[in-house]
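Where a number appears in this text, it was derived from the coordinates with a stated rule and is not lab data. Fair warning: this is a prediction, and the values are worked out from it, not measured in the lab. Positions of Cβ are backbone-derived with ideal geometry, glycine not excepted, and every protein chain shown enters the neighbour counts.
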Amino acid sequence: MKGDGTFAARVALFSALAYVAALVSVYVPNVSLSFVVIFASGVLFGCVAGMAVGGLGEFLWTIFNPLGMAPVPIVCAQVAGMVLVGGLGALASRRSYATRTTTLGFVWYALFGLAAGLMFQSIVNGVDTLLYGRSWKYLAAGLVFSLATIVSNVVLFPLCYPVIVRLTARVRRSS
């Protein structure tokens, strides 16, 4: 963070990208490329930037969602979940597979996708349950939608892994 506007520009750009990537979920429910974008921002730019992108990107998505805004407690839960996803990306940047593509890296990215989906869905479903007092039957039915997010992340994260590695190399060269 040099004070030259780089941090703000990166956060703004990736937050906008996360918003646009989330539009996929309008057409394919609970499958969102924004998880990958937010995770990648943590890998590329570190914990603070990743968490800022997660918070701002998800805030934009929940406020300006074409299907309508979520209730405020759900908005807060969704933002908190994506903040953690950005932080998770920063954890991934500290490993050797962040700078070169390896077989183990694909496995790790699948696990990161699993963790991102589980964290997000646990927080949102927990707040939903506290807010509306849902029964276990309701939560079990909602598990299908949660699984769509989790499984899609397990597939999308490894697919995007080589791209994130290339971007990481470019960012590190330019810094």
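Structure data summary
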quantity: Residue match in the stretch 154-174 (condition: assigned to a helix (DSSP H, G or I), free of Cβ contacts under 8 Å to residues at least 40 places away in the same chain and under 20 Å from Ile74 (Cα atoms)); calculated: no
quantity: Flag for Gly57 being buried (at least 23 other Cβ atoms within 10 Å of the Cβ) and either touching a Ser or Thr at 6+ places or on another chain (Cβ under 9 Å) or under 14 Å from Ala22 (Cα atoms) (or both); calculated: yes
quantity: Enumeration of residues in the stretch 114-153 that are crowded, with 19+ Cβ neighbours inside 10 Å and either over 24 Å from Cys76 (Cα atoms) or touching a Cys at 6+ places or on another chain (Cβ under 9 Å) (or both); calculated: Val127
quantity: Enumeration of residues in the stretch 131-150 that are assigned to a helix (DSSP H, G or I) and free of Cβ contacts under 8 Å to residues at least 24 places away in the same chain; calculated: Tyr132, Trp136, Lys137, Tyr138, Leu139, Ala140, Ala141, Gly142, Leu143, Val144, Leu147
quantity: All helices (runs of 4 or more DSSP H) inside the stretch 1-106 with 2 or more residues being touching a Gly at 6+ places or on another chain (Cβ under 6 Å); calculated: 6-22, 34-45, 47-63, 72-92
quantity: Out of Val75, Val83, Val171, Val163, sole residue that is in contact with a helix residue (DSSP H, G or I) (Cβ under 9 Å, 6 or more places away or on another chain) and more than 22 Å from Cys47 (Cβ to Cβ); calculated: Val75
quantity: Odd one out for Asn30 among (1) surrounded by 19 or more Cβ atoms within 10 Å (Cβ to Cβ); (2) of a type in the set (S, T, N, Q); (3) more than 28 Å from Arg173 (Cβ to Cβ); (4) in contact with a Ser or Thr (Cβ under 8 Å, 6 or more places away or on another chain); calculated: (1)
